[in-house]
Structure formats: structure tokens, C-alpha cells
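None of the figures in this text is laboratory data; all of them are computed from the coordinates on show. Computed from a predicted model, the values in this text were never measured in an experiment. Note that each Cβ is placed from the backbone with ideal geometry, even for glycine, and that neighbours are counted across all protein chains shown.
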């Protein structure tokens, strides 16, 4: 029992150490989302685009945002446990480093959403109609942020179903 406890403590420390970078990246991206939202709210740019064309661009970009969200969230649920990515002889450290790369890529992909929100706002769509985009992207960053309990949960699933580590 004492060895299980020591192993668990070591595992938690390793998780804390390895996930430090993606947590930092997620925090910085949350700050950048706030800055982009502030820019969208305060900086007004006059657009010479017709109202109907503006509405069409708005809905096209909203559709793209929805596709990005679906892609990120669906990939997130499968890639962590992919047998192409995780091999049976991988150590805990190797798995965590692979997951760190995945986390950073998914976080960076999610950063496209507030940029599109800023573009939509600067095309002349009022912030009242685009503000939700920044909120959705902040929630996505929080969902994607690799905190210890989520990482330990993923490891338990990996151990249970794949018989690794």
C-alpha cells in the first residue's frame, strides 16, 4: 500500500511538471482572448461592405467557427487514446509528453476562434452579436486546459482499456 501511495505521489509530480507548459499556454491564450475581445469592443472600424454581404460573411464565419469547435472537441476525445499515437511500451513520461504536444496543438487551433470573432466585429457586425464568440473560445480554452485531475482521469482510462503503463 505504501508503494502505491509513493507511486501515486510521483505520478502527480510528473503530471504537474509535464503539464506546466500547456497550462501556461492556455493561460496566455485566455489573456489573448480577453485582449481580442477588448479590441473588438473598443476599436471601431468603418466597413464599406454592403449590409447583405456583411451578413453573409458573418454567417459563413460562424459556420467555420462551429466546424472548428466540432473538430477540436471530437479530435480531443479520440486522439489521446489512439493506438497510432500511444504504443504499449510507452512510459508514463513519454505518454505525458505526447499529450502535451496534443494539448498545445488543440489550444493553438482554438485560438483561431477569437481571431475570427475580431474579424467579424471589424467587418461591421456589432459586438453585441459577436461577443459570444469570445466567451465560447474562453470556455473552450478552459475545457482544453490540462489540469491534474483530467490528466489522471485520462491515464486511468488508458490503463483500464489499453493495458499500458
Has the range 72-86 got any residue that is under 18 Å from residue 28 (Cα atoms) and free of Cβ contacts under 8 Å to residues at least 40 places away in the same chain? no
Residues in the range 119-142 that are surrounded by fewer than 22 Cβ atoms within 10 Å (Cβ to Cβ), in contact (Cβ under 8 Å) with a residue 12 or more places away in the chain and within 30 Å of residue 96 (Cβ to Cβ) total 3
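Working only within the range 1-13, note down all residues that are assigned to a helix (DSSP H, G or I) and exposed (fewer than 13 other Cβ atoms within 10 Å of the Cβ). Before the answer, list the steps.
Of the range 1-13, the ones assigned to a helix (DSSP H, G or I) are 2-13.
Of everything in the range 1-13, those that are assigned to a helix (DSSP H, G or I) and exposed (fewer than 13 other Cβ atoms within 10 Å of the Cβ) turn out to be 2, 3, 4, 5, 6, 7, 8, 9, 10, 13.
Kindly indicate which of 101, 51, 16 is surrounded by 12 or more Cβ atoms within 10 Å (Cβ to Cβ) and either closer than 30 Å to residue 125 by Cβ or over 17 Å from the mean Cα position of the chain (by Cα) (or both). Spell out the reasoning first.
On the way: 101 fails: either closer than 30 Å to residue 125 by Cβ or over 17 Å from the mean Cα position of the chain (by Cα) (or both); 51 fails: surrounded by 12 or more Cβ atoms within 10 Å (Cβ to Cβ).
On inspection, the qualifying residue turns out to be 16.
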Would you check if residue 116 is in contact (Cβ under 8 Å) with a residue 60 or more places away in the chain and surrounded by 13 or more Cβ atoms within 10 Å (Cβ to Cβ)? no
Subset of the range 55-85 (residues that are in a helix (DSSP H, G or I), in contact with a helix residue (DSSP H, G or I) (Cβ under 9 Å, 6 or more places away or on another chain) and over 16 Å from residue 114 (Cβ atoms)): 57, 71, 73, 75, 76, 79
